[in-house]
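Worksheet: the structure to be examined is printed underneath.
Read-outs: derived from the displayed coordinates by stated rules, not from any lab. Keep in mind the model is a prediction, meaning the values are calculated, not measured. Positions of Cβ are generated from backbone atoms using ideal geometry, with glycine treated the same way; all protein chains shown enter the neighbour counts.
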Amino acid sequence: MQLSDKKYLKRLKDFGLSLITTYKSGSNIVKKNIFEPLTTNIVNGIRLEKDYLRGGQSVFKLHNFDPRIKYTFKNPSTASKCPNCGADIDAQNGECPYCGTAYNMDYESKSLGAKYHTDLVMNTNTYKYITALIAFSVAFLISYIYIRTTGRTFNVWDMSKVLIGTALFGLAFYYVFYYLDSFFILLPIKLYKERINAAQTKFWQDNATDINKDVFFTNLNYELQKYYFENPQTGNVLDFDFVDYTTITRNGDYVSIDILVREVYYTAGKIKCRQKSKTIRLQRVKREYSLESVGGVALKCKNCGSNLDAFQTSCPNCGTRQNYLQEWYLV
């Protein structure tokens, strides 16, 4: 198991949490407990829900996952090649001897229409704040004009009626505007996402013979794991999800990608989530990296199964040289 995976599990345990993720794999609905071994393969599974539990009771749930992102998890009896670094996987061991991964991630280049992206916008705090500002501003204006023009005087009691009217009408307007505003932004979002999807499709078409997309996104996801779970500055982050990406460009062996990440974090005794935009720059490594120069990986010897230190270049028991084969790295 990769060191970042172990720290991910440790972080959930430190906060007394467990996690069950629900996938739709073909016509099957499969629940995957992060602390239990996988018994059923998940092939091109779409995430439907993440349920964080404490003491067996649900305390926080996540929905609205991008159905373009598909995950494949295979149990030890069927895995042969590591989808992250390409190393051979021992069916009896069931774990990549280099990086520990047992899944691959695919991002389909297809348009989801405007509704999906409108839903994403509607779930952002910015959209909620703007909607609330519009709703309560309109409610205040209507209440003020009505009280001011229908009353003979305007005193403190009248002002209190304006505030009460603002509160009541504001809540009603917020509900209406929350859904009504989405229709006004639906078309611009659809047009915007069509341009983005076209540019992404062209990128993968232009680089189809040179870049394996599955490997690229699996490596990207692992690099994000390292960033979040091996970084002291992100110590309150419990989990993350790759939500979407907008632009992707290449310059030789370097690829820059603008991504949207949803972070699940712990603050003031509560679990919350937020979305953040990040620009990630990955470097392609065409040669094998020795563990001495990479580090950050907990693994076993691919020959004899002995436990290895991440900075050992060869197994102390059998002398087998250890290399790290992942293709893309965060720079």
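Over 30 Å between Cα atoms: which of K128/K161; K13/K278; K32/K128 fall into that group? Could you put the intermediate results ahead of the total?
On the way: K128/K161 26 Å; K13/K278 27 Å; K32/K128 32 Å.
Pairs exceeding 30 Å: K32/K128.
Couplings for the range 240-254, taken from phi via the Karplus curve 6.51 cos²θ - 1.76 cosθ + 1.60 with θ = phi - 60°, read 8, 9, 6, 8, 6, 9, 9, 10, 9, 9, 10, 9, x, 8, 10 Hz in order; Gly and Pro are left as x.
Using the structure shown, select from K50/K272; K24/K70; K31/K276; K10/K31 the pairs with a Cα to Cα distance greater than 18 angstrom. Write down the numbers at each step before the final one.
On the way: K50/K272 13 Å; K24/K70 10 Å; K31/K276 27 Å; K10/K31 21 Å.
Beyond 18 Å: K31/K276; K10/K31.
Applying a DSSP loop filter and a limit of 16 other Cβ atoms within 10 Å to the chymotrypsin sites (Phe, Trp or Tyr not before Pro) in the range 120-169 leaves F154. Estimated from the Cβ-Cβ distance and a Förster radius of 56 angstrom, the FRET efficiency linking T201 and W157 is about 0.35.
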